[in-house]
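J.: Let me begin by handing over the structure; questions about it come next.
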Amino acid sequence: MTDNHNPFPGDGHAPSPPYAQAMPPLGAAGTPYDPSQAGPYAPGGYGPPPSPGPVRPRILWIVLAWVLFVVLLVVGVAGFARGLGSAVKDAASLATFATGESVSVRLDPKDRPAIYASAEQAADVSCKVEGAPGLDIRLTRPSGTQSITYGGTTWEMVFQIGAPAAGDYQVSCTGEGVKFGVGKELIGSVGKVVGGAVAMIALPTAGFLIAVVVTIVVLVRRAGARKKAMR
């Protein structure tokens, strides 16, 4: 007699259905997954975004550009003052002599030589210049007043010397209570004054333009760098 046994649900002797059995996770090539063999990176998830670096170019470039402008401004003013002082010193480099005396000086037409006088009160003066025989030397009174103060003494130009050629000349003058000197016209040293004036204008102007351009370029590039970092 055949035992035809049909187990009831919940029968402890009945085997579990195939789909209810737990399956271990599979690794590569169908092998069971072993967590101890996992790689150094955790699956899934992302790290924090990289922090943005400093915005370039730096503001330091603007500071340096304006410092350069200040330096060039100081150099330009100093150059003008030096040129003006040198011109006055050249004109005041006088070969001095007293009234009634004669002095030997070397004159050059390109230096625009002149005779200066210094007196505590107004006086009539007369001068004479002698050179090599046959030279036509002319003394002319200046059209305007030219005076220089050097070493605490004020000198006023009384004659312009029309020396026809460079050479040695004898100069003598007379005037009651007057001291005399032979030197150069201020206009003869005008080149140094003009050179100083050009330096005073050109150097600061160049420095200012450089500073403005650097400021604009740095600010524009920094703004572009910020926009790019925000994307």
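J.: What length, rounded to one decimal in nm, is gained on full extension from I210 through to S104, with 0.36 nm per residue of separation minus their alpha-carbon distance?
T.: Between I210 and S104, full extension yields 32.8 nm more.
J.: Which distance in nm do the two modelled labels at L135 and T154 give, with both placed 7 Å along the Cα-to-Cβ direction?
T.: Spacing of the two 7 Å Cα→Cβ label points: 3.3 nm.
J.: Describe numerically, in nm with one decimal, the distance between label points set 7 Å from Cα along Cα→Cβ at I201 and at A95.
T.: So the label points at I201 and A95 sit 3.7 nm apart.
J.: Still on this structure: Could you work out how much longer the chain between W66 and S172 gets when fully extended? Use 0.36 nm per residue separation minus the Cα distance between them, nm to one decimal.
T.: 32.5 nm
Throughout, read-outs are computed from the coordinates displayed, never taken from laboratory work. Every value quoted in this text rests on a predicted model; they were computed, and no experiment measured them. No Cβ is skipped: glycine too gets one built from the backbone with ideal geometry, and neighbour counts run over all protein chains shown.
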